[in-house]
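Below is one structure; the comments refer to it alone.
The values are calculated or read from the model by the stated rules, or taken from the named source; none is laboratory data. Owing to the predicted nature of the structure, the values given are computational and were not obtained by experimental measurement. Using ideal geometry, Cβ is built from the backbone for each residue, glycine included, and neighbour counts are taken over all protein chains shown. Note: accessible area is taken over every heavy atom of the protein model, side chains too, but ligands, DNA and RNA are not part of it. Shrake-Rupley method; radii C 1.70, N 1.55, O 1.52, S 1.80 Å.
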Amino acid sequence: MTAGHQSLDTIRRQLSELRGRIRRWFLIDGLAKVGLTILALVFVDFWIDRLFRMDQPQRFVMLLLMLGVVGYVAWRFLWKPLKASVTDDALLLEVEKQNPALHERLINAFQLSRVDPESSHASPALLEKAIADGVSEADNVQFANVLHVERGRKNKGLFAVAALGLLILLSSF
């Protein structure tokens, strides 16, 4: 492994940190949506109970429908995003989209690090220079800027509302 390849550890570390932030983002977003769905369904259930007299089988059907909705929301907004894998290249492209001044130096460095100079007939010096340029640019870029701060705050607020609502609901039993 050459010096250029070793210096890619900076990019790999930042990608790993970005992946962790994305996972936390999806976790908070998904839990907020699941919690708000539960609160909305409980509210609708109380409202329906006030309007109609339901017997046991009807209540059981309502419970199954509510569990189905919560299950779908959990699968769609929690399970599915957390199980999705994002490639390094895709993350780097998003970082570069947020930082157009990079002119694709990060993705070039990362992809060129995979090239074997002997089998590709590429100039080793040119490859090392491109990789070094990308790595030096990576030191000046905040990878976390890919995540939208305002939406993150909104997700955290919704999560807090959902958690508080569920705590109030559970404490009333």
- Message: From the Cα trace of the range 46-90, what convex hull volume per residue do you get, rounded to a whole Å³?
- Response: 70
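Run the helix sum for the chain: -39,500 (n - 2.57) per DSSP H stretch of 4+ residues, divided by residue count, reported at 222 nm to the nearest 500 deg cm²/dmol.
On the way: 9 runs with 132 residues, N = 173.
Counting only the DSSP helices, I get -25000 deg cm²/dmol.
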- Semi-axes of the equivalent ellipsoid for the range 64-147, Cα gyration tensor, largest first, Å: 40, 16, 7
- Item | Exposure of Arg13 as accessible area (Å², to 10), given a probe of 1.4 Å and all protein chains | 120
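Where only protein heavy atoms count, and the probe is 1.4 Å, what is the accessible area per residue for the chain in Å²?
Numbers: 11640 Å² over 173 residues.
Accessible surface, normalised per residue, equals 67 Å².
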- Using a 1.4 Å probe on heavy atoms of the protein chains only, the accessible area for Ile168 in Å², nearest 10, reads 100
- Note on the structure: log10 I(q)/I(0) for the range 125-173, Debye formula on C-alpha points only (no solvent), q = 0.18, 0.24, 0.25, 0.32 Å⁻¹, two decimals, reads -0.71, -0.86, -0.88, -1.04
- If all Cα-Cα distances of the chain are sorted into 5 Å bins from 0 onward, what percent lands in each bin, rounded to whole numbers? 1, 7, 13, 13, 12, 10, 8, 7, 7, 6, 5, 4, 3, 2, 1, 0, 0
- Using label points projected 7 Å from each Cα along Cα→Cβ, tell me how many nm separate Gln58 and Ala163, to one decimal. 3.8
